[in-house]
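The values are calculated or read from the model by the stated rules, or taken from the named source; none is laboratory data. Computed from a predicted model, the values in this text were never measured in an experiment. Here the Cβ positions follow ideal geometry from the backbone for every residue, glycine too, while neighbour counts run over all protein chains shown. Side chains are part of the model used for accessible areas, which takes the heavy atoms of the whole protein and leaves out ligands, DNA and RNA. Shrake-Rupley method; radii C 1.70, N 1.55, O 1.52, S 1.80 Å.
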Amino acid sequence: MESEMQERIASVRRRIAQAAQRAGRSETDITLIGVSKTKPAALVNEALACGITDIGENRVQELLEKLPALEGKPRVHLIGHLQTNKVKQVIGKTTLIHSVDSLKLAKEISRQSLEAGMVSDVLLQVNIGRDENKFGFLAEELPEALQEIALLAGIRVRGLMTVPPIEQDSAKTRAHFQSLYKVFIDIPQIYDNIKMEYLSMGMSGDFEIAVEEGANLVRVGSAIFGSRA
Ligand SMILES: *Cc1c(COP(=O)(O)O)cnc(C)c1O
């Protein structure tokens with residue numbers, strides 16, 4: 001008999017596969033990130049045992065506390081806002097930082113990475129809904145920011161991420177994802193350390209729409225781990 005965790009993961013994977021199929025895409029191009037924030041390491045290990053390969057956390061402290069208890073070396077994604085004074089603590093601990101939302105943060109990640117003798121892979125967070133309460137570059141700020149980021153030897157930009165505003169109307173959510181996809185494909189591939197490979201969008205409530213609109217990283221929390229307090 002399948003455990004509840006197995007069933008939930010299988011259901012999410014099935015829905016990703018169906019959305020991919022509707023869009024004429026291959027499900028193997030889409031990586032499911034299990035967002036384990038607020039959930040104990042034991043539950044994360046259960047998900048890892050069920051085949052989850054990538055986990056996402058939104059807070060540095062929680063990430064650092066949980067990491068040593070995780071079994072099987074998952075890829076680790078930092079998806080929440082990162083304060084510059086915490087950068088040093090996460091360098092070398094993440095596979096991908098999704099939430100680079102300012103030039104100042106990019107510079108600090110680069111500086112600390114070089115100091116640690118490495119280069120960090122990141123995504124740039126785009127505030128696609130122009131939401132005053134959300135972090136991220138505005139789309140029109142990107143060309144200039146990219147020129148500056150191109151000079152940062154300690155950082156490699158692998159793509160874009162967004163958290164769109166919560167909409168009642170799923171057509172609006174889709175429009176946000178379409179806008180980010182357009183930004184993603186329009187960025188000129190002219191800088192050595194900036195390649196548009198990953199598009200991180202879609203959460204429990206909207207990952208199917210995101211997959212239909214081109215996401216290849218989806219960040220799914222409650223649909224895998226249950227609702228949060
Ligand atoms: C919490 C969180 C998610 C996952 O949210 P769910 O709705 O539980 O799937 C995805 N992305 C970010 C940035 C988050 O903070």
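Data table
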quantity	calculated
J(HN,Hα) series, region 162-176, from Karplus relation 6.51 cos²θ - 1.76 cosθ + 1.60, nearest Hz, glycine and proline x	8, 10, x, x, 6, 10, 6, 9, 5, 5, 6, 4, 4, 4, 4
Sites matching trypsin sites (Lys or Arg not before Pro) across region 86-183 that sit in DSSP coil, with at most 16 neighbouring C-beta atoms within 10 Å	Lys93, Arg130
Solvent-accessible area, 1.4 Å probe, carbon plus sulfur percent, for the chain	49 percent
17 Å cut-off, amide nitrogen to a point 7 angstrom out along Ile190 Cα→Cβ, residues in region 148-166	148-152
J(HN,Hα) series, region 205-212, from Karplus relation 6.51 cos²θ - 1.76 cosθ + 1.60, nearest Hz, glycine and proline x	x, 8, 5, 5, 4, 4, 5, 4
For Gly202, distant residues with modelled amide H under 5 Å away	Arg219
Within the chain: Cβ-based charge dipole about Cα centre, in debye rounded to nearest 20 (Lys, Arg +1; Asp, Glu -1)	360 debye
Coarse-grained scattering of region 1-94 at q = 0.25 Å⁻¹, given as base-10 log I(q)/I(0) from a Debye sum over alpha-carbon atoms	-1.25
Whole-Hz couplings from phi, Karplus 6.51/-1.76/1.60, listed for region 185-193; x for Gly and Pro	7, 8, 5, x, 8, 10, 10, 4, 9
Cα convex hull of region 4-225, projected area averaged across orientations, nm²	11.8 nm²
Straight-distance crosslink candidates among lysines, where the alpha carbon sits under 17 Å from Lys104 and sequence neighbours closer than 8 are dropped	Lys86, Lys88, Lys134
1.4 Å probe accessible area per residue over the chain, in Å²	49 Å²
